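A.B. asks: Take this structure, written in structure tokens, and hold onto it; I'll ask about it next.
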Amino acid sequence: MEVDLTSELLVAALSKGPVEATLRGGSMTPCIPHLSRVRLQRPPARLVPGHVVLARVVHRLVVHRVVAVEAHALLLQGDSLPSPDGWVPRAEVLGLATHVTWRGRTRPLEPRESGVWRLAGSMWAHARRALRR
């Protein structure tokens, strides 16, 4: 999902505390629907699979899920995307998504949801492709 603020503004804002941003795109559907508000904070020192992060990926900002962690890089993937973004240097992770608000309801984003949302996202992606045929 793309974020509606520039990376420089986000980094500056995150240094002062949590930030809310409206996300565009369906790559994190159904966990984070298009035009949801997401609360972001500075990323913790330790990220684990299942965390949802804001990162710079090939000159754009995305909010995607961590699917694997190595010493200095993370493998990110949108829940409804068929393949990962590739390995992203840890320095390119700008924030951690902690809450999502959609249709007036706010809920926390927790790493333990990873398997459930990856399965739901995969089913959503297959259904969307089938409907386009």
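A.B. asks: If each residue of separation counts as 0.36 nm, what is the full-extension length gain between Lys16 and Ala73 once their alpha-carbon separation is subtracted?
C.D. replies: Going from the current span to full extension adds 18.0 nm.
A.B. asks: Further question: Multiply the residue gap between Arg103 and His34 by 0.36 nm, knock off their C-alpha separation, and tell me the result in nm, one decimal place.
C.D. replies: Result: 23.7 nm gained on full extension.
A.B. asks: Mind listing the phi-derived Karplus ³J(HN,Hα) values for segment 11-21, rounded to whole Hz, using 6.51, -1.76 and 1.60 with θ = phi - 60°, and x for any glycine or proline?
C.D. replies: 4, 4, 5, 5, 5, 9, x, x, 10, 10, 9
A.B. asks: Which whole number of Å³ per residue matches the convex hull of the alpha-carbon atoms in segment 19-112?
C.D. replies: 90
No value in this document is a laboratory result; all are computed from the given coordinates. The shown structure was predicted, so the numbers you read here are calculated from the model rather than taken from an experiment.
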